[in-house]
Amino acid sequence: MATPTVAEYLLLQLQNSGVDHVFGVPGDYVLGLYAKLAESPLLHIGTTREDTAAFAADGYARCRGIGALAVTYGVGALNVVNAIAGAYAESSPIVVISGAPGISEQRKDPMIHHRFGPFSFQREIFERITCATAVLDDPLTAFRDIDRCLQAARRNSKPVYIELPRDQLDAEGYPIPAVEPIQHEGETGALAEAVDETLDRLEKAGFPVILAGVEIHRRGLQDLLSQLVLSACIPVAATLTGKSVVGERHPAYLGVYEGAMGPDDTRKRVEGADVLLVLGATVNDVDTGIFTAKLDPERMIHASQDQVTIGHHHYPDVRLHDFLTALCDAVRAHSCTWMPRAPLQDLPAAKSRKPMTITRLIASLNAALTPDMSVVCDVGDCLFAALDLRVHERTHFLASAFYTSMGFAVPAALGAQIASPELRPLILVGDGAFQMTGTELSTFSRLGLDPVVIVFNNHGYSTERFILEGPFNDIAEWRYECVGELVGPVNGFHAKTEDEFERALKQALFTSGRPSLINVDLLDNDASPAMRRLAQHLSQKVKG
Ligand SMILES: Cc1ncc(C[n+]2csc(CCOP(=O)(O)OP(=O)(O)O)c2C)c(N)n1
Ligand SMILES: [Mg+2]
């Protein structure tokens, strides 16, 4: 069998690692690869911009375990820096492939288009926001470099960067036998002691609670978490960045815990637990409600990706997967303490002239959500309001909740729907964020995909307004419901009142094969309870 070329091997290994679609915008330095892509079983998904391709690859990776994009040198690659930094911060494994001038072109150091400095600059930039990089400038090592990067993306759940000079595409690679990655064994003594101490504490506990975080999703540990919740009979709350690591309608689920920023009933259950088992949660300002969380370290067992801390005892080198597996094997059922949250209230009948509010909006969406829908949420008040949404199945809520980049939701939902076509995305997005990347709806229309987009139109940058009011928070008033005239087809609706919204939502859910968008016209001073609490805190900081 003929040895594959560098480009063939790259595409083959992408496919072998679970990628079926590659997002991106072509350009001359990557056109050769695009030609090979068109001949391969992989599908190219063209987007309107490179940053939206990266957000889409991020949404795809969160559903499939890995995503990929291919862009041109300089103008294309530098356009994805923000989205890839976000994927790095949020542990989403994306393979960034950038074309580049050929090695023979680079040799004479010419001034050629898209160049912005020494040819090594681009890789240096990506070294800071990926966990592995490679420039495939040597066919002898190219295959090994490709494998090294793909393995690193999977192992670390972070983006990687592969640069392909355009004259190396057809170079025959050299199939160096794969190096077995060194398997890092956790510390078994420490694991056993950590599990023993945990079991001991759980056995004595009266009202233990699990707080589950984003690492559970990123490391694919949801099955183990569910098993532990059920076999130990311990109720579970999630952090905001970990929202939907467990199905949110499960009787054991307590809601999203976010310190003083989150719902009160969840806060009381988590902070009142006599043993709090924190699994895969990172300590950051979002998840701790700007550090308003009151979690007593004495009562806490904290298992992160590679260590366990119990009170003042520290067990290094214990991996989360091993800890969870051992706990599931050994734990004895605790007397069942399910005390389910208050059930969802029945939605009162819509009133004809009553202005739509955020509270009513979330209640309507909760009533409309079905198990075959996912929620993809942008930043702004839609994210704070989404604290009260209850998605059906686990991993059905995606957001840039920690890095909080505006413009994430519409393109990330594109990647999510392509990765999981059985799930229909409900996209929650503010008017400001929609103005950044909403035109990516064009790609949904082109592909006949049918997300339902809810634009939280509070007429400007409301989150910023609540922190510090000023004319810089005003934005142009768009007729969002008319977006289909430009990028269509899109079913557009404008809803100012409760009954207008209910009618629009019904029609949107009934429509298939094209996107629907509801421009929900909210009063300027409407805000979710979580945003009011957050803004109060932040405004104190800005004013010093
Ligand atoms: C790319 C990016 N730029 C700026 C910000 C800062 N920022 C956070 S929230 C916000 C306003 C968002 O406006 P909108 O999408 O309308 O949501 P709202 O706050 O009005 O609900 C801004 C500008 C950000 N998070 N991301
Ligand atoms: Mg807004």
In Å, the C-alpha Rg and Dmax of segment 427-544 are 15.8, 51
Sorting H44, H396 on solvent-accessible surface, 1.4 Å probe, most exposed first, gives H44, H396
Accessible-area order for H459, H314, H537, largest to smallest, probe 1.4 angstrom, reads H314, H537, H459
For segment 372-461, the per residue accessible area (1.4 Å probe, Å²) is 23
Rounded to the nearest 10 Å², the accessible area of I518 using a 1.4 Å probe with every protein chain kept is 0
Under the 7 Å Cα-to-Cβ spin-label approximation, H321 and K108 lie apart by a distance in nanometres of 5.1
Counting all Cα-Cα pairs in segment 110-161, those more than 16 Å apart amount in percent to 49
Expressed as a percent, the portion of alpha-carbon pairs in segment 261-303 spaced more than 17 Å apart is 29
Helix-only [θ] at 222 nm, the chain, -39500 (n - 2.57) per DSSP H run of 4+, per residue, nearest 500, equals -11000 deg cm²/dmol
Stokes-Einstein D for segment 167-295 (4 °C, 1.567 mPa s, Kirkwood Rh from Cα pairs), in µm²/s, comes to 77
Expressed as a percent, the accessible surface of segment 418-544 that is carbon or sulfur, using a 1.4 Å probe and the full set of protein chains, is 54
Expected unfolding gain across F472-T511 under the 0.36 nm per residue rule, minus the alpha-carbon gap, is 10.3 nm
Scoring the chain by relative contact order with C-alpha pairs under 8 Å, at least six apart, yields a percentage of 13
Computed over segment 138-210, protein heavy atoms only, probe 1.4 angstrom, the accessible area per residue in square angstrom equals 53
Scan of the chain for trypsin sites (Lys or Arg not before Pro) in DSSP loops with at most 15 other beta-carbon atoms within 10 Å gives a longest site-free stretch of 129-293
In this structure, among K204/K268; K243/K268; K243/K354; K243/K496; K158/K243, pairs with alpha-carbon gaps over 26 Å are K243/K354; K243/K496
Its Cα gyration tensor gives segment 17-70 an equivalent ellipsoid whose semi-axes in whole Å, largest first, are 18, 14, 7
For segment 51-137, averaging the sequence separation of alpha carbon pairs under 8 Å that lie six or more residues apart and dividing by its residue count, the contact order in percent is 31
Chymotrypsin sites (Phe, Trp or Tyr not before Pro) in segment 436-544 lying in a DSSP loop, each with at most 16 other Cβ atoms within 10 Å of its Cβ, come to W478
Contour minus Cα-Cα span, Q345 to A35, at 0.36 nm per residue, comes to 106.1 nm
On the formula 1/(1 + (r/R0)^6), with r taken between the Cβ atoms of T370 and Q15 and R0 of 45 Å, the FRET efficiency rounded to 0.05 is 0.90
Residue separation between S120 and K294 times 0.36 nm, minus their alpha-carbon distance, gives in nm 58.0 nm
In units of 2.2 N^0.38 Å, the Cα radius of gyration of the chain is 1.01
Taking N as the residue count of segment 362-492, its alpha carbon Rg divided by 2.2 N^0.38 Å gives 1.02
Reported to the nearest 10 Å², C382 has, with a 1.4 Å probe, an accessible area equal to 0
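The values are calculated or read from the model by the stated rules, or taken from the named source; none is laboratory data. Keep in mind that what you see is a predicted model, and the values were worked out from it rather than measured. Don't worry about glycine lacking a Cβ; one is built from the backbone with ideal geometry, like all the others, and counts go over all protein chains shown. Note: accessible area is taken over every heavy atom of the protein model, side chains too, but ligands, DNA and RNA are not part of it. Shrake-Rupley method; radii C 1.70, N 1.55, O 1.52, S 1.80 Å.
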